[in-house]
Amino acid sequence: MVVLDGVGGVAGRVGIGVGLGEAALAANLDEAFSAFDAMAAHEGVVHEGAAISARAYEAPDWTDLPFEPARVAAPDIFAPATSVQVRTGLWRTMRPVIDYAHCHRCVWVCSTLCPDSAIHVRADGAPEIDYEHCKGCLVCAAVCPPHAIQAVPEHEAAKIEGGGAG
Amino acid sequence: MNRQLLTGNAAAAWGARLAQVDYVPAFPITPQTEIIETLARWFERGEMTGRLTMLESEHSMVTAAAAAAATGVRVFTATSSQGLLYAMEMVFTVPGWRAPFVLVNVSRGLASPITLESDHNDVLATRDSGFLQVHCATCQEVLDHVLLAYRIAEDSRVRLPVIVNLDGFTLSFTREPVDLPATEAVQQFLPPFDPQNVRFRASKPVSQAVAVLAGSPYSYFRYETHLAAQQALSVLDEIAEQFFQAFGRRTGPLATYRSEDADMVFVMIGAGATKACEAADRLREAGVAAGVVRPRWLRPYPAAALRAALAGKKAVAVIDQDLSMGQGGVLHAELAAALYGMPNAPMLASIIGGLGGRNIPPEEFYEIAKRMLGFAARGETPPPQLLFTERELRQVRKLQAIAVVERKELGEKP
Amino acid sequence: MSDAIRRMKDLPSTHLLGTGTPMCAGCGGLEALHQIYDVLGTNTVFVNAAGCMTLLSVYPFTPFRGSWLYTAMACAPAGAQGVRDALDILLASKRLPPEDNLQTIVLTGDGAAYGMGLSSTSAAIDRNLDFLYICYDNEGYGNTGQQSSPATPHAAQTATNTGSRGFPGYKKDLFGIWAAHRPAYVATVIGAEPLDLAKKIEKAKSLRGPRLILALAPCPTGWDFDPAESVEIGRLAVRSGVWPLKEYIDGKVIHNHVPHPRAPVEEYLKTQGRFAHLFSPERNDALLGEIQAHIDAYWAAVNK
């Protein structure tokens, strides 16, 4: 696995496979380079556009912002948990999938340890992953005692289910 | 009628007491400390109900003030100078919470070098923050404007915190006769605080003061705060009328003294302006048609009222008791912007004086008036002037001589 | 909702913190917070200081089913003071019914808790403010890209210590600083040990006065590891003695768990890219020795 800098990541260190060995590193670099080479077919599609003319342009739809009282115009949120409208499930590249045949219903493990509260406990006591919000961190797969959660690449899972995260 | 001899600080404390404030987060600093000492004594004796909490810094004090206001109680606090500056992150942060409260600033010159007596650099540094600000010239005005400030701040069209400013030393420690209104009359004028929908309670969860990323929604919230500040002028008109009905005293965005038929007008804020009024009287006796325009409210800025008051005057001298380093007088610059393009605009000149409590004696007012009228007659504008005399410079040289005592002896002429 | 939590099976199965926050996948801070919130409940007002979790609430989205107030980096405890005082005034004057009362919670990262916010924190404890302080400690200024903070451990690489020796200092003892103030309660927790965490939150919730919950927050982005390892790394922090699970109450420090045998700290360090320089291109035995010695000295003093 290639450890890349993300936003907020420790600066300047790419490719230090933490204990995973040279072979894995080489294979991943191969993948990355082939993907880059595959982009060559699209070379030239993105180019600088024409400047917007100052003679003929669409006028901005300026408005005189009306005064609104503070009960409307303060940065306050008057409803609980509006964050559920943000579909963080779109972040996933890997999807955790529960094999209910092997699930032991020890929901106090997976449901507690999902950092995002994205594993519900159903009425029948089984865990259910909220794929609208699951970020694919795979902590659940790592901690499941009977190893009943597998990680499946998201684009494959989406094909199977015919819908993916949304 | 209950008429007492009160210092400016005592008048501020009485304003808070009459307003029946719930909560006073406090921190001491010269020259406002007497305010919180007075309030602490009243809370301890049960003459006020509620609570005074000593915070550990002004930054925390302003945070606690706004947080308590956002929870739903009436809040009062006070500071000066370095303390106001220490709070500055929160002075800029909390107006956007749209939770109202009153902060009394007892103005004092800023470091460096550090000093104790008054000027207006501290309070003027808050002018971009979203706090409203009003400047008092008498101890009566201090008490009155604490009450007015609560009415305006808490009005649903405003909902912004307000700074009530009084000059340190010249007003804070000066005793003047003050009418203390009766409690019932104040309660009629200023009903209990209605937090409206900005409050914390378990039955109505709310996330307040949340982050707004992206320029367009951020701009909406910032523009609306500005529009609300501007609303305060029309709200003031209504409330000033109610104040007059309740207490018989008139107030408004400007105070004017003999300015209607004046040729030469001094523009000054705060207690120093009373000296300008005295000088105007003496100038009138000497045949010079002098007057004074004293803005009370600087935020919102009363541009229309100032234009009306100064239109057609021959000469206007703005006496700034403040100094923006590298630019000049803050009030002068804002007034120039307000008058720009006005057809019958006066000759407008900038005078800087009164820094750190430096006295402006009558002779300086007379000389300013004479020079201004001379320039105006010639169709010229004088360059900005920093008020300082040869005698003052000699005094400084003596101090400098002492500061290098191994090279010069005391008493040697510079 | 408070039957005592005794076993893992007793842990809450309803999760109160909303999904959809922008915290990183596998965030150890969110791990701890979501577990804490389940026990604390929604009659809470969270007063937050600048840090990663500033972004829990970004207009118009908030994950809280209770209340929230964002202040600034140095002053969340002062904000809590204002809220608590105002609630007490409203309750005393019967302008708020008792059922509308809220627990006042401060939520900050290590940057505020160990550094900029120490002044307001110390003063709030000194005034005996009734509040619960939750610190998610990811051992650096995380929201700005993991620069070294007073909570950064010895030899860790950060965005401002990229050299082969990493951070030269040692992690500040915030637990000790709080304990010196003799508050109502201090406890270390970690999301990887949910039963220990839940019991401590229950205990903290039942007390009054200044209380600290100090949660080590394994940080995939800042510490450089795969998010899936977030819980295992937390368990290793405990097993290796890097993160003692302990409480301060009634003037005494109690260690809830003394790891025995104690895993060599290398097992913990090897899991994270921020310590990779200690192993590659060659082992830095000197620095590894310093880290191990520091931990050994801590546990030697505990066993006395």
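The calculated FRET efficiency for the pair B:Q400 and B:R284, based on their C-beta separation and a Förster distance of 45 Å, comes to about 0.65. The HN-Hα couplings worked out from phi for the stretch C:242-250 by the Karplus form 6.51 cos²θ - 1.76 cosθ + 1.60 (θ = phi - 60°) are 5, 10, x, 8, 8, 9, 10, 7, 6 Hz, whole numbers, x standing for Gly and Pro.
Can you give me the span-like helices of chain B, meaning DSSP H runs with 18 Å or more of Cα extent along the axis and Kyte-Doolittle mean at or above -1.0?
Details: long enough: B:58-71 (19 Å, 0.70); B:139-154 (23 Å, 0.46); B:215-247 (46 Å, -0.13); B:272-285 (21 Å, -0.79); B:362-377 (23 Å, -0.06); B:390-403 (20 Å, -0.82).
Span-like helices here: B:58-71, B:139-154, B:215-247, B:272-285, B:362-377, B:390-403.
Each residue, A:A123 and C:D10, gets one label point 7 Å from its Cα in the Cβ direction; the gap between the two is 2.8 nm.
Residues in the stretch B:157-163 carry Karplus couplings, in order, of 7, 10, 6, 9, x, 10, 9 Hz; the curve used is 6.51 cos²θ - 1.76 cosθ + 1.60 with θ = phi - 60°, and Gly or Pro positions show x.
Think of each Lys and Arg Cβ as +1 and each Asp and Glu Cβ as -1; about the Cα centre, that makes the dipole of the protein assembly as shown roughly 1860 debye. The relative contact order of the stretch C:1-140, computed from alpha carbon pairs under 8 Å that lie at least 6 residues apart in sequence, is 26 percent.
Among residues other than C:H15 with Cβ under 14 Å from its Cβ, the summed charge is -3 (Lys and Arg +1, Asp and Glu -1). With Rh defined as the Kirkwood radius, the inverse of the mean 1/r over Cα pairs, the Rg/Rh of the stretch C:8-303 is 0.97.
Nearest 0.05, what FRET efficiency do B:L213 and A:E58 give at R0 = 30 Å with Cβ-Cβ as r?
Values: r = 27 Å, r/R0 = 0.89.
It comes to 0.65.
Stretching the chain fully between B:R250 and B:R307 yields a gain of 18.4 nm (0.36 nm per residue, less the alpha carbon separation).
List the relative contact order of chain C as a percent without decimals, with contacts defined as Cα pairs under 8 Å and 6+ residues apart. Numbers along the way, then the final one.
Numbers: 592 pairs, mean separation 52.6, N = 304.
Once divided by the residue count of chain C, the mean separation gives 17 percent.
Based on alpha-carbon centroids, what's the gap between the stretch B:233-266 and the stretch B:194-232 in Å, whole number please? If you average the Cα positions of each part, the centres end up 31 Å apart.
Using a Gaussian network model of chain C in which every pair of alpha carbons under 10 angstrom is joined by a spring, one finds that among C:S13, C:S120, C:S240 the greatest mean-square fluctuation is at C:S13. Straight-line reach from A:K135: which lysines fall under 23 Å, measuring Cα to Cα and dropping same-chain residues less than 8 apart? Here the lysines satisfying the reach criterion relative to A:K135 are A:K159. Here the stretch C:233-282 and the stretch B:104-124 have alpha carbon centers that stand 52 Å from each other.
Across peptide A:115-126, the mean count of Cβ atoms from other chains lying within 10 Å of each residue's own Cβ comes to 5.
Hydrophobic long helices, here whole DSSP H runs in chain C with Kyte-Doolittle means of at least -1.0 and Cα atoms spread over 15 Å or more along the helix axis, are found at C:28-40, C:76-92, C:194-206, C:285-303.
The orientation-averaged projection of the convex hull spanning the C-alpha atoms of chain B amounts to 24.6 square nanometres. With springs only between Cα atoms under 10 Å apart, run a GNM on chain B and tell me which of B:R296, B:R151, B:R358 wobbles the most. Among B:R296, B:R151, B:R358, the largest GNM mean-square fluctuation belongs to B:R358.
If you filter the stretch C:254-304 for GluC sites (Glu not before Pro), then keep DSSP loop positions with at most 12 other Cβ within 10 Å, what is left? Mind showing how you got there, number by number?
On the way: sites: C:E266, C:E267, C:E282, C:E290; in loops: C:E282.
For GluC sites (Glu not before Pro) across the stretch C:254-304 that sit outside H, G, I, E and B with at most 12 neighbouring Cβ atoms in 10 Å, the list reads C:E282.
Across the stretch C:125-223, the convex hull enclosing all Cα atoms gives 103 Å³ per residue.
Computed over the stretch A:84-161, the Cα gyration tensor eigenvalues convert (square root of 5λ each) into semi-axes of 19, 14, 11 Å, ordered from largest to smallest.
Only Cα sites of the stretch B:264-414 enter the Debye sum here, all with the same form factor; the resulting log10 I(q)/I(0) across q = 0.19 1/Å is -1.15, listed in q order. Would you kindly give the portion of the calculated P(r) for the protein assembly as shown that falls above 38 Å, as a percent of all Cα pairs? Tail of the P(r) past 38 Å holds 53 percent of the pairs.
One Cα centroid belongs to the stretch C:47-66, the other to the stretch A:108-141; the line between them spans 22 Å.
Using Cα pairs under 8 angstrom and six or more residues apart, how large is the relative contact order of the stretch B:255-352, in percent? Provide the component values of the computation, followed by the final result.
Values: 170 pairs, mean separation 29.2, N = 98.
Result for the stretch B:255-352 is 30 percent.
Hey, what does the equivalent ellipsoid look like for the stretch C:1-154, semi-axes from the Cα gyration tensor as sqrt of 5 times each eigenvalue, largest first, whole Å?
Numbers: eigenvalues 122, 92, 44 Å².
Over the Cα atoms of the stretch C:1-154, the ellipsoid semi-axes are 25, 21, 15 Å.
Counting neighbouring Cβ atoms within 10 Å and putting the fewest first, the residues A:C103, A:C144, C:C135 line up as A:C103, A:C144, C:C135.
Charging the Cβ of each Asp and Glu at -1 and of each Lys and Arg at +1, and nothing else, the dipole of the stretch B:1-149 about its Cα centre rounds to 380 debye. Of C:R208, C:R262, C:R283, the residue with the greatest mean-square motion in the GNM of chain C, using alpha carbon springs below 10 Å, is C:R283.
Karplus-derived 3J(HN,Hα) values for the stretch B:340-355, using 6.51 cos²θ - 1.76 cosθ + 1.60 with θ = phi - 60°, are 4, x, 5, x, 10, 6, x, 5, 10, 10, 10, 10, 10, x, x, 5 Hz; glycine and proline are entered as x. Between B:S259 and B:V292, the built amide H atoms are under 5 Å apart, and every one of these is 5 or more places off in sequence or on another chain.
Every number here is computed from the coordinates shown, using simple stated rules; none is lab data. Computed from a predicted model, the values in this text were never measured in an experiment. Neighbour counts are summed over all protein chains in view; Cβ atoms, including those assigned to glycine, are modelled from backbone coordinates with ideal geometry.
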